[in-house]
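Structure in structure tokens, see below.
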Amino acid sequence: MATRPDRLSIGIDAIALSVPRGFVDLGELAEAHGVAPSKYLSGLGTRRMAIAAPDEDPVTLGVNAARRLFQRSGASPADIGLCVVGTETAVDHAKPVAAFLHGLLGLPSACRVFEAKHACFGGTAGLLNAVEWIASGSARGRAALVVCTDIARYALGSPGEPTQGAGAVALLIRERPRLMELEVGRTGSYARDVHDFWRPIHHKNALVDGHFSVQCYLDALAGAYREWRRIAEDGEPLARTCYHVPYGKMARKAHRHRRMIDGLSEQAADESFAVEVEPSLSLPAQVGNIYTGSLYLALASLFQAQADALAGLRVGLFSYGSGCCAEFFAGVVLPEAAPLVRHLDIDGPVRDCRRMSVPEYEALRAEDATADRRPAPDAPPPAQRGTEGRAVYLGIDASERRVYANE
Ligand code: HMG
């Protein structure tokens with residue numbers, strides 16, 4: 001048992017997801033593109049990608065994940081003193097997605113609210129900031145809401161297209177958590193100025209130097225992991241490790257790289273994958289890359305699959321954001337996790353998704369290109385605040401303010 005009673009007990013108390021209503025099957029996409037389906041299914045290790053409709057955006061995905069978190073965890077908006085949204089799919093250069101969430105969720109006015117951006121690392125920046133906010137004493141008994149929300153879009157027909165996805169993960173961070181206690185102050189960081197993946201402000205789609213981005217990810221993993229080992233290796237061995245999962249094969253490459261740093265042969269590193277990583281990949285394979293939320297979707301998958309078996313065991317967490325910044329850290333799964341996970345019904349939103357055909361997806365992408373400029377109805381219903389209902393984006397008003405309602 002790796003819990004250290006002499007240290008602060010701070011970590012993830014509850015977790016909830018939100019995904020768009022529709023997904024594309026990657027076998028069907030491969031056939032439509034004249035590509036061997038095995039390239040997407042086993043070469044990239046993907047199965048489906050969630051696709052956001054024009055009325056689903058980073059705000060609605062984030063609000064819907066947070067509403068589910070409140071409904072299922074027993075927490076209330078009144079408990080929150082910090083709300084951070086990690087996203088790289090900003091809807092405005094100035095007004096943060098977090099401000100929309102603050103309003104639509106009815107969070108208290110005595111609350112620190114901001115958006116964190118560093119490609120896929122933004123959610124982890126928010127999470128670690130929340131942990132340190134609690135450890136510093138600033139929380140004064142309150143909890144933090146950290147929401148990771150993104151839509152991964154690449155140009156149609158580009159190599160990145162089968163690695164898209166969309167979704168949000170909401171995390172409740174507090175003292176004496178029920179799911180996972182994080183090891184406060186024991187993280188390995190790595191940063192380097194690289195142009196592996198970028199999203200210029202006049203582009204809706206991401207641009208990427210794909211093979212270079214894979215190498216940057218592996219270099220960052222090696223740097224962050226070596227630093228983490230230097231400061232935190234004295235604990236129990238890692239029973240499982242969750243990685244940032246842009247596509248399943250990347251987690252496989254990452255695990256081999258990390259375990260070979262530990263001194264394992266390539267064969268032994270690959271043999272450890274099934275036990276140490278595979279249980280965390282079921283939800284990422286069904287949703288695709290959700291950028292800031294990707295690592296936490298993997299963690300949600302692990303909880304869903306194995307919360308019972310993991311009580312008291314240490315789990316490694318690796319977050320990578322292009323550009324780049326990465327962090328390796330760890331936490332211990334708590335005995336209360338298993339019954340809570342059953343109640344949270346983590347994968348409920350994924351089960352409710354509907355398969356869309358490739359022509360439907362392509363039509364939706366064309367519509368999505370102008371969704372940010374679509375006029376909202378003249379007399380939209382008033383936005384409903386609080387923790388009930390499913391939020392949708394209606395369009396912009398005459399002053400270009402984004403308008404939301406419940407469907
Ligand atoms: P590609 O050039 O289309 O694919 O791009 P490939 O030719 O490299 O093939 C991919 C794999 O499929 C290879 O396996 C092939 O052998 C195999 P590997 O050598 O890698 O083990 N393959 C087949 N397997 C079975 N049957 C077949 C077959 N054909 C080939 N018939 C690439 C792939 C990932 C580069 C592309 O999809 C891409 O650019 N994706 C977006 C970038 C990305 O996801 N990068 C990951 C690291 S960076 C990151 O994670 C950050 C990110 O999330 C953004 C952020 O931080 O905000 C992206």
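Ordered by packing density, taken as the mean number of other Cβ atoms within 10 Å over each peptide's residues, highest first, how do 56-66, 317-327 rank?
56-66, 317-327
Sticking with this structure for a sec: What share of Cα pairs, in percent, lie more than 14 angstrom apart in the range 193-248?
So the pairs more than 14 Å apart make up 69 percent of the total in the range 193-248.
Using the per-residue mean of other Cβ atoms lying within 10 Å as a proxy for protection, in what order, highest first, do the peptides 12-23, 245-256 fall? Walk me through the numbers on the way to the answer.
Working: 12-23: 25.2, 245-256: 22.7.
My ranking of the peptides, most packed first, is 12-23, 245-256.
Given a Förster distance of 30 Å, report the FRET efficiency between Ser265 and Val91 from their Cβ-Cβ distance, rounded to the nearest 0.05. Before the final figure, lay out the partial values.
Values: r = 48 Å, r/R0 = 1.59.
E(calc), rounded to 0.05, equals 0.05.
Need one word for the range 1-134: rounded, prolate or oblate. Basis is the Cα gyration tensor (sqrt eigenvalues a ≥ b ≥ c); a/c below 1.5 gives rounded, then a/b vs b/c decides. Walk me through the intermediate numbers first.
Details: a/c = 2.26, a/b = 1.59, b/c = 1.42.
In terms of gyration-tensor shape, prolate.
More than 27 Å apart: what percent of Cα pairs in the range 277-407 qualify?
Working: 3717 of 8515 pairs.
Considering the range 277-407, 44 percent of its Cα-Cα pairs are separated by more than 27 Å.
How would you rank 271-283, 291-303, highest first, on the average number of other Cβ atoms within 10 Å across their residues?
Details: 271-283: 18.6, 291-303: 28.8.
Going by the mean number of other Cβ atoms within 10 Å, highest first, we get 291-303, 271-283.
Can you give the translational diffusion coefficient of the range 224-309 in µm²/s, computed by Stokes-Einstein from the Kirkwood radius over Cα pairs at 10 °C and 1.306 mPa s? Let's see the in-between values first.
Details: Rh = 13.4 Å.
It comes out at roughly 119 µm²/s.
Restricting things to Cα coordinates, could you compute the convex hull volume per residue of the chain in Å³? Intermediate values should be presented prior to the final figure.
Numbers: hull volume 52.3 nm³, N = 407.
Output value, Cα hull per residue: 129 Å³.
How many times 2.2 N^0.38 Å is the alpha carbon radius of gyration of the range 118-277?
Details: Rg = 17.5 Å, N = 160, 2.2 N^0.38 = 15.1 Å.
After normalising by residue count via 2.2 N^0.38 Å, the value is 1.16.
Kindly identify the range 307-347 as rounded, prolate or oblate by the Cα gyration tensor criterion: order the square roots of the eigenvalues as a ≥ b ≥ c, call it rounded if a/c is under 1.5, otherwise compare a/b with b/c, prolate if a/b is larger, else oblate. Write out the running numbers ahead of the final one.
On the way: a/c = 4.69, a/b = 1.91, b/c = 2.45.
Note, shape of the range 307-347 comes out oblate.
So what is the diffusion coefficient of the range 95-174 in µm² per second by Stokes-Einstein at 25 °C and 0.890 mPa s, using a Kirkwood Rh over Cα pairs?
The Stokes-Einstein estimate is 172 µm²/s.
For the range 47-102, report the % of Cα-Cα distances exceeding 17 Å.
Tail of the P(r) past 17 Å holds 45 percent of the pairs.
Expressed in nm to one decimal, what extension gain is obtained for the pair Ala78 and Ser357 from 0.36 nm per residue of sequence separation less their Cα-Cα distance?
Values: separation 279, 0.36 × 279 = 100.44 nm, distance 4.22 nm.
Extra length from Ala78 to Ser357 when fully extended: 96.2 nm.
Follow-up. With θ taken as phi - 60° and the coefficients 6.51, -1.76 and 1.60, list the Karplus ³J(HN,Hα) couplings across the range 370-377 in order, rounded to whole Hz; mark glycine and proline as x.
For the range 370-377, the Karplus-derived couplings read 10, 4, 5, 10, 5, x, 6, x Hz, x marking Gly and Pro.
Another question, if that's okay. Can you work out ³J(HN,Hα) from phi for every residue in the range 37-52, in order, using Karplus 6.51 cos²θ - 1.76 cosθ + 1.60 and θ = phi - 60°, giving whole Hz and x for Gly and Pro?
So the Karplus estimates, Gly and Pro as x, are x, 4, 5, 6, 6, 10, x, 9, x, 10, 10, 9, 10, 6, 10, 7 Hz.
How much mean residue ellipticity at 222 nm does the chain get from its helices, if each DSSP H run of length 4 or more adds -39500 (n - 2.57) and you divide by all residues, to the nearest 500 deg cm²/dmol? Walk me through the intermediate numbers first.
Values: 13 runs with 140 residues, N = 407.
When only DSSP H runs of four or more count, the value is -10500 deg cm²/dmol.
Counting other C-beta atoms within 10 Å, which of His93, His244, His195, His203 has the fewest, and how do the rest follow? Show your work: numbers first, answer last.
Working: His93 7, His244 30, His195 14, His203 11.
The order, fewest Cβ neighbours first, is His93, His203, His195, His244.
So how many Lys-Lys pairs in the chain land under 20 Å Cα to Cα, not counting same-chain pairs under 8 apart? The partial results should precede the final answer.
Values: Lys39/Lys249; Lys39/Lys253; Lys95/Lys117; Lys95/Lys204; Lys117/Lys204.
Lysine pair count for the chain: 5.
None of the figures in this text is laboratory data; all of them are computed from the coordinates on show. Fair warning: this is a prediction, and the values are worked out from it, not measured in the lab. A quick note on method: Cβ atoms are made from the backbone with ideal geometry, for glycine too, and the neighbour counts reach across all protein chains shown.
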